[in-house]
1. Can you list the residues, at least 5 places off or on another chain, whose amide H is less than 5 Å from the amide H of residue 162, using H built in the peptide plane?
2. When only Cα pairs under 8 Å and 6 or more residues apart are kept, what is the percent relative contact order across the stretch 34-170?
3. I need the calculated FRET efficiency for the pair residue 188 and residue 30, taking r as the beta carbon distance and R₀ as 41 Å, to the nearest 0.05.
4. Using Cα pairs under 8 angstrom and six or more residues apart, how large is the relative contact order of the chain, in percent?
5. For the stretch 268-299 and the stretch 43-67, what is the centre-to-centre distance using only Cα atoms, to the nearest Å?
6. Under 10 °C and 1.306 mPa s, how fast does the stretch 163-297 diffuse according to Stokes-Einstein, given a Kirkwood radius computed over C-alpha pairs? Answer in µm²/s, whole number.
7. Quick one: which of 262-275, 187-200 comes out on top by average Cβ neighbours within 10 Å, and what's the full order, highest first?
8. So if we plug the beta-carbon distance of residue 127 and residue 87 into 1/(1 + (r/R0)^6) with R0 = 35 Å, what FRET efficiency do we get, rounded to 0.05?
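Just so it is clear, none of the values below were taken in a lab; they were calculated from the coordinates. Everything numeric in this text was worked out from a predicted model, so none of it was measured. Counting neighbours? That spans all protein chains shown, and the Cβs are built from the backbone with ideal geometry, glycine included.
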Amino acid sequence: MNEYTQSSLQALPITGHTRLTGLLGSPVAHSLSPMMHNDSFRELGLDYVYLCFDVGEEKLADAVRGLRALNVRGFNLTMPDKNKIMELVDELSPAARLIGACNTVVNDDGHLTGHNTDGVGFIRALKDYDFDVAGKKITILGAGGAASAITAQAALDGASVIRIFARPASRFHARTVAMTEHINRDTSCHAVLMDLADESALKSALEDSDLLINGTPVGMMPAPDHSLIVDPAFFHEGLFVADVIYHPAETKLLALARQAGCRTANGMYMLLYQGAEAFRLWTGRDMPTELIRERYFAV
């Protein structure tokens with residue numbers, strides 16, 4: 001990623017008509033979203049601003065009531081708020097309802113509609129690495145908001161097999177069971193839900209997988225030394241390993257995979273493309289993704 005400084009960017013003018021957008025989650029101080037959205041507003045001459053708010057699940061309902069009352073245009077959700085927000089909006093898009101999680105809210109004069117752009121963003125990001133999920137065997141770790149979005153979108157986009165490794169005691173277990181049944185019933189993809197604690201099953205699944213995705217926060221700052229896989233023998237050179245995490249840029253999982261000869265990708269481009277879809281929902285305009293990619297995501 002290119003280095004950037006706030007001082008190098010012309011300040012956004014704030015007027016009496018400026019529309020507020022932002023990000024809710026915890027932690028959020030590391031997020032690139034303010035830079036990419038505010039630069040895009042500036043480039044397109046839009047009277048909007050994007051801010052970060054450190055809000056966990058326990059205060060999310062209060063925050064949403066305030067944002068609704070202030071008539072903000074919309075906001076993004078990151079961990080741990082993507083599931084709790086489902087209870088707080090007035091309407092859900094078909095994708096958000098299927099996935100069971102929401103990462104983008106649009107406010108139309110007090111009517112809040114929840115969307116999910118994570119899956120579309122992730123699959124689009126993989127194409128930047130010349131990886132197409134169609135016909136591929138995928139192993140995904142986790143069953144939270146991002147993992148569910150990616151699983152659903154990969155199935156819709158033609159993945160042949162998706163093995164979901166999650167914890168049976170997870171609060172998302174029932175939702176994941178339902179999504180797995182839906183995939184098997186209504187798509188050509190074969191989905192299997194397995195226990196994340198079963199290391200033998202995970203190693204076996206990876207032996208014939210084309211893609212491994214970490215859809216959990218394990219390895220994210222401030223605990224970058226953590227990984228759900230610690231044995232390099234789980235990887236093979238033909239395996240593409242992707243992580244939804246982008247801070248740090250290389251998680252322990254990605255470092256182990258790279259050392260084993262795998263191609264790897266972090267969550268930066270997912271952030272770019274899911275953000276671009278949120279931008280379009282709020283403004284009706286296309287984010288200048290090539291400019292934003294060159295400015296903040298080039299390596």
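1. Under 5 Å from the amide H of residue 162: 138, 190, 191, 192.
2. Numbers: 196 pairs, mean separation 23.9, N = 137.
Computed value for the stretch 34-170: 17 percent relative contact order.
3. Values: r = 38 Å, r/R0 = 0.94.
Once the sixth-power term is evaluated, E becomes 0.60.
4. Details: 581 pairs, mean separation 48.6, N = 299.
Reported as a whole number, the value is 16 percent.
5. First find each Cα centre; the distance between them is then 18 Å.
6. Numbers: Rh = 16.7 Å.
Translational D for this selection: 95 µm²/s.
7. Numbers: 262-275: 23.1, 187-200: 15.3.
Top of the packing list down: 262-275, 187-200.
8. On the way: r = 34 Å, r/R0 = 0.96.
The value I calculate is 0.55.
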